[in-house]
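*Asks:* Let me give you the structure first, and then I'll get to my questions.
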Amino acid sequence: VTDRVRVGVIGTGSLGTRHARTVAERVPKAALVAVTDERRDVAEVAATLSPETVHVPGHPTLLSDPAIDAVVITTPNDTHVEMICAAARAGKHIFCEKPIALDLAGANAALAAVSEAGVKLQVGFQRRFDGAYRAARDKLRSGKLGEIELVVATTRDPSPPPAVYFERCGSFFADTSIHDYDVLRFLTGLEVAEVHAVAATFAVEDIGTLATLDTAVTTIRLENGALATITNSRRSNYGYDVRIEVAGSKGKVAVGEHQQSRFETLTDRGATRDFVGSYWDLFEQAYVAEIQHFVDCVANDTEPEATGHDALRALEIAVLAERSYTEGRPVAASKLR
Ligand SMILES: NC(=O)c1ccc[n+]([C@@H]2O[C@H](COP(=O)([O-])OP(=O)(O)OC[C@H]3O[C@@H](n4cnc5c(N)ncnc54)[C@H](O)[C@@H]3O)[C@@H](O)[C@H]2O)c1
């Protein structure tokens, strides 16, 4: 038992429970030893995931346990800076869901705490661990598709979250578009030079905040001059729709297969097949692989992929998009650095 990485999960809601289950059932090198959630009933359920798991009242108690090596943070977005700083001070290695902060001051404070404590930080950009995205990256990096020129990407959630979610999630750009911003950097290996965002509210009650934007188009100029368009929506109605294509001067890669079952029905009325319904259905392999990778990094003392630097860069793009939307004009990345 002692040579396994002992993990605690902070925030056992929708995704936190899934990460906790992954630790308990799908990572032989890890043990799920503790869970905590603001809602005791939720933590009690998560504590049944394995016989060696206990639920504890609040993250300070969990972090003060010297037997815990690493934590998974899956609380609401507006708590991440506080959680990362507290975990770092307690000497725990950290896996934190995106975004690591709602603004750049918060992100820099979190990264400083991590660096000072010398602990590992991995951010929940699971697409980096999806086999198709990795194959696309390798093809682009091989140079066989030429110079990167054009990127088209989309993330559309099936339906909006409940209204309370918007009080804590930060802007739509930092909450949702950030996955596409990260994948853009991951696939192209390029940084962003300029961002122009337009956005609207169609699917939720408009209370005039950046959180209740639910439809957005971000146009980006990359440092090599290539152009990207990213579209996002909180309401597709038909399923979880995530795709990207990256075109070079000699061809393109495309990722975005949404059929889950391997059969279709064909009749005189046409053909029907399923469409993936949720983030977990589309990315289960990637969510499991990212947690396995994190545990491996802690066990072997290696640096995780999907780093704090990646988290900061993606948040910078979100902040540029917020500014561009608010000011109604393109904003150069040089304004931030
Ligand atoms: N990578 C992805 O694709 C992806 C997908 C979904 C959610 N997320 C991220 O995961 C995080 C959680 O999202 P979710 O959908 O599971 O939300 P959720 O609301 O279902 O879960 C959050 C949980 O945190 C608990 N909580 C709130 N404050 C707390 C505190 N101070 N201490 C302990 N527990 C606290 C809540 O009671 C709740 O159970 C968010 O940061 C979100 O952005 C990422």
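*Asks:* Work out the FRET efficiency for Thr302 and Arg235 from their Cβ-Cβ distance, taking R0 = 45 Å, and round it to the nearest 0.05.
*Replies:* 0.65
*Asks:* In square nanometres, what is one fourth of the surface area of the convex hull spanned by the alpha carbons of the stretch 243-337?
*Replies:* With every direction weighted equally, the projected area is 11.9 nm².
*Asks:* Could you let me know the centre-to-centre spacing of the stretch 247-276 and the stretch 162-193, using Cα atoms, in angstrom?
*Replies:* Spelled out, the Cα-based centre of one part sits 25 Å from the other.
*Asks:* Number of Lys pairs in the chain with C-alpha atoms less than 25 angstrom apart, excluding same-chain neighbours closer than eight positions?
*Replies:* Total qualifying Lys-Lys pairs in the chain comes to 10.
*Asks:* Starting at 0 and stepping by 10 Å, how many percent of the alpha carbon pairs of the stretch 1-141 end up in each bin?
*Replies:* Computed distribution, short to long bins: 13, 41, 33, 12, 2.
*Asks:* Report in % the part of the accessible area of the chain that belongs to carbon and sulfur, leaving out ligands and nucleic acids; probe 1.4 Å.
*Replies:* So the carbon and sulfur contribution to the accessible surface is 51 percent.
*Asks:* Tell me, what is the FRET efficiency for Asp3 and Ala112 to the nearest 0.05, using R0 = 35 angstrom and their Cβ-Cβ distance as r?
*Replies:* 0.65
*Asks:* Could you order Tyr325, Tyr287 by accessible surface area, starting with the largest, using a probe radius of 1.4 Å?
*Replies:* Tyr325, Tyr287
*Asks:* What does the extension gain come out to for Val198 and Thr272, with contour length at 0.36 nm per residue minus their alpha carbon separation?
*Replies:* Once the chain is fully extended between Val198 and Thr272, it gains 23.2 nm.
*Asks:* Send over a whole-number figure in Å² for the accessible area per residue of the chain, probe 1.4 Å.
*Replies:* Here the residues of the chain average 44 Å² of exposed surface.
*Asks:* Another question, then. Heavy-atom accessible area of Lys335 with all protein chains present, probe 1.4 Å, nearest 10 Å²?
*Replies:* My reading of the accessible area for Lys335 is about 140 Å².
*Asks:* With only alpha-carbon atoms in the gyration tensor, what are the semi-axes of the equivalent ellipsoid for the chain, in Å, largest first?
*Replies:* Largest first, the chain gives 32, 24, 21 Å.
*Asks:* Could you work out the local net charge near Leu320, counting Lys and Arg as +1, Asp and Glu as -1, over the other residues with Cβ closer than 10 Å to its Cβ?
*Replies:* So the surrounding residues net to -1.
*Asks:* So what is the 222 nm mean residue ellipticity for the chain from helices alone, if each DSSP H run of at least 4 adds -39500 (n - 2.57) and you divide by all residues, rounding to the nearest 500 deg cm²/dmol?
*Replies:* -10500 deg cm²/dmol
*Asks:* Restricting the count to DSSP beta bridges whose residues both fall in the chain, what percent are antiparallel, rounded to a multiple of 5?
*Replies:* About 55 percent, rounded to the nearest 5.
*Asks:* Convex hull over the Cα atoms of the stretch 38-111, averaged projected area in nm²?
*Replies:* With every direction weighted equally, the projected area is 4.9 nm².
*Asks:* At 7 Å along the Cα-to-beta-carbon direction for both Val152 and Ala254, put a label point, then send me their distance in nm to one decimal.
*Replies:* Output for this residue pair reads 0.8 nm.
*Asks:* Right, here's the next one. What relative contact order, as a whole-number percentage, does the chain give when Cα pairs under 8 Å and 6 or more residues apart are counted?
*Replies:* The normalised contact order for the chain reaches 19 percent.
*Asks:* For Ala67 and Arg243 in one chain, what is 0.36 nm times their gap in residues minus the Cα-Cα distance, to one decimal in nm?
*Replies:* Contour length minus Cα-Cα distance gives 59.2 nm.
The values are calculated or read from the model by the stated rules, or taken from the named source; none is laboratory data. These numbers come from a predicted model, not from an experiment. Cβ atoms come from the backbone with ideal geometry, glycine included; neighbour counts cover every protein chain shown. SASA here: full protein model, heavy atoms, side chains in, ligands and nucleic acids out. Shrake-Rupley method; radii C 1.70, N 1.55, O 1.52, S 1.80 Å.
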